[in-house]
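The structure under discussion appears below in the form of structure tokens.
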Amino acid sequence: MTLETVIPSLRSTLYQHVDPAAWPLTTAPAPGGDLAVGGAALTELAARFGTPATVLDLDDVAARLRAYRVALPDADVAYAGKALLCAGLVPLLVEAGVRLDVCSGGELALALRAGMPADRIVVHGNAPTEAELDAAVTARVGRVVVDSLDVADRLAAVAARHRRVVDVLLRIAPGVDAGGHPAIRTGGDDQKFGVPLAGGRAAAVAAAIAGRRALRLVGLHCHLGSQIADTAVWERAVDPLLDLAAELPVALTELDLGGGHAVTGGTPFDVAGFARRVTGAIARGCSSRGLAPLRLGVEPGRAIVARAGVTLYRVQATKCAGSGRWFVAVDGGMGDNPRVALYGAAYDAHLVGRTTCAAWRPATVVGRYCEAGDVLARDVALPEDVTVGDVIAVPGTGAYHHAMASSYNLVGRPPLVGVRDGVARVLVRRETTADLLARDCCLPRSAPDAGSWDDEAWCGGVVLGRD
Ligand SMILES: Cc1ncc(COP(=O)(O)O)c(C=O)c1O
Ligand SMILES: N[C@@H](CCCC[NH3+])C(=O)O
């Protein structure tokens, strides 16, 4: 039973504030005012794995990967691993036949160790280190996206040392400024990514790269920004990029338009509409310029994993501020979700695990970190009897949460728990106090273990409700 099919029951008083489109696809009501994801009751997951914990609906991820493959059968779809990367996701990517975009030596190492075929890996970065370029060439990754002539020249030197030829795309800043927040707009003229089209600079850099014997320039790339809902935005980048392709001394075969497909509120990104508009624009643009059709590439990150994630917190305190604002303070916060503080992102929050007849009251769910900006959800409706020990579930936390988590205040990062068919499996374990202390080289090694109270790290698979 999926959430869509149980909307009438979710529209009962108990679930009146649950927006089905914001929750993982397998979400369903569970007894006692609970919700289940992947067949696992959220309060049971909170009890077994502790809080905060992020639950990931693996069927939801697989379904969204499939939707991209179906909508874009002739395109190269690369999942952008910066949104969320762990070894447990890699089999889903392999099964779906998509590529993986990595942007650091760490992501590359994880991808290779987890079994991602090297030729399906795309390496990005505006400032890759020598070691990262070397690792990419050594692994024989499928593509490297170069962001400047400096990076291209450094890659060419590494490739020459290895006696290899590397397939590259040149990242362009096409002057299309888009994205849900200034910090995540990456296609305009006044930001750090890509070579600007203006003044013939991109043409000069592309021609120089085409002349490097250790590099094969196979295409152009752009990533306009993140959280873009309007599919017409990508079309605006197509013509300027094809104009550039038509000027170059080499015949290109690929045009990668990056990611940025929005996940906002309950409106799903229109993948089919995007596919129609963009493939049409590329086909028309290539034909009118006498270019052989370029193969489209896309790199969605958030659109694949955001909705699959739900983070569970436990209430530690409630209070009414002098202003009258009601605060519900939980055991996580900006350490596991910095997006509210960074981008003013909006989240919902829901009480799970018990029924109540209490009236709904506007609440601000805040974290446990030492900053007033440590907010998780502003002005959400919670029952007014929410109290210490209650479990609060925040949906839409699959992308850029686990990936951007920090250990600020020396609070360990939460675990990532994959759920599917009633089986819960820890994909990434909780970061313990022992983990945090282990990095400090000045601590006496023989000191009593200050972190023993939370050192239990779950690593195995747990079949829920069967022990
Ligand atoms: C080059 C590149 N590709 C893809 C993505 C994925 O973006 P999103 O998760 O918004 O789809 C990003 C991040 O914004 C990026 O920088
Ligand atoms: N980290 C951002 C998106 C940036 C994507 C990478 N270029 C977010 O949480 O929305």
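The values are calculated or read from the model by the stated rules, or taken from the named source; none is laboratory data. Just so you know, these numbers come straight off a predicted model, no measurement behind them. Every residue, glycine among them, receives a Cβ derived from its backbone with ideal geometry; neighbour counts consider all protein chains shown.
Some observations on this one:
- Only one of the numbered conditions (1) within 14 Å of ligand 2 (Cβ to nearest atom); (2) within 27 Å of A157 (Cβ to Cβ); (3) surrounded by fewer than 24 Cβ atoms within 10 Å (Cβ to Cβ) is violated by H221, and that is (3).
- Test for V263: is it hydrophobic (A, V, I, L, M, F, W, C) and within 28 Å of G398 (Cα to Cα): yes
- Any hit, the range 299-316, residues being more than 16 Å from ligand 1 (Cβ to nearest atom), surrounded by fewer than 24 Cβ atoms within 10 Å (Cβ to Cβ), more than 18 Å from A53 (Cβ to Cβ) and polar (S, T, N, Q): no
- When each of A109, A183 is tested for being part of a helix (DSSP H, G or I), within 16 Å of ligand 1 (Cβ to nearest atom) and over 21 Å from D76 (Cβ atoms), the lone residue that passes is A183.
- Selected residue [assigned by TED's automatic domain parsing to the domain that holds R143, within 15 Å of ligand 1 (Cβ to nearest atom) and not charged (D, E, K, R)] from L257, L244: L257
- Residue in the range 58-76 that is among the hydrophobic types (A, V, I, L, M, F, W, C), in a strand (DSSP E or B) and either within 26 Å of A28 (Cα to Cα) or within 16 Å of ligand 2 (Cβ to nearest atom) (or both) present: no
- Selected residue [part of a loop (DSSP other than H, G, I, E, B) and under 19 Å from L45 (Cβ atoms)] from G418, G389: G389
- The one condition in (1) under 22 Å from the mean Cα position of the chain (by Cα); (2) part of a loop (DSSP other than H, G, I, E, B); (3) touching a residue at least 40 places away in the same chain (Cβ under 8 Å) that G175 fails to fulfil: (1)
- Any hit, the range 279-301, residues being over 26 Å from the mean Cα position of the chain (by Cα) and of a type in the set (S, T, Y): yes
- Restricting the range 188-244 to residues that are in a loop (DSSP other than H, G, I, E, B) and among the basic types (K, R) leaves a set whose member that is farthest from C286 (Cα to Cα) is K192.
- Criterion (among the basic types (K, R), surrounded by fewer than 17 Cβ atoms within 10 Å (Cβ to Cβ) and modelled with pLDDT of 95 or more) met by exactly one of R339, R325: R325
- Top-ranked residue in the range 113-135 [being under 19 Å from D76 (Cα atoms), of a type in the set (A, V, I, L, M) and free of Cβ contacts under 8 Å to residues at least 40 places away in the same chain; ranked as nearest to ligand 1 (Cβ to nearest atom)]: V123
- Which listed residue is modelled with pLDDT under 95, away from ligand 1 (no atom under 16 Å from the Cβ), more than 21 Å from R302 (Cβ to Cβ) and crowded, with 16+ Cβ neighbours inside 10 Å, from L197, L215: L197
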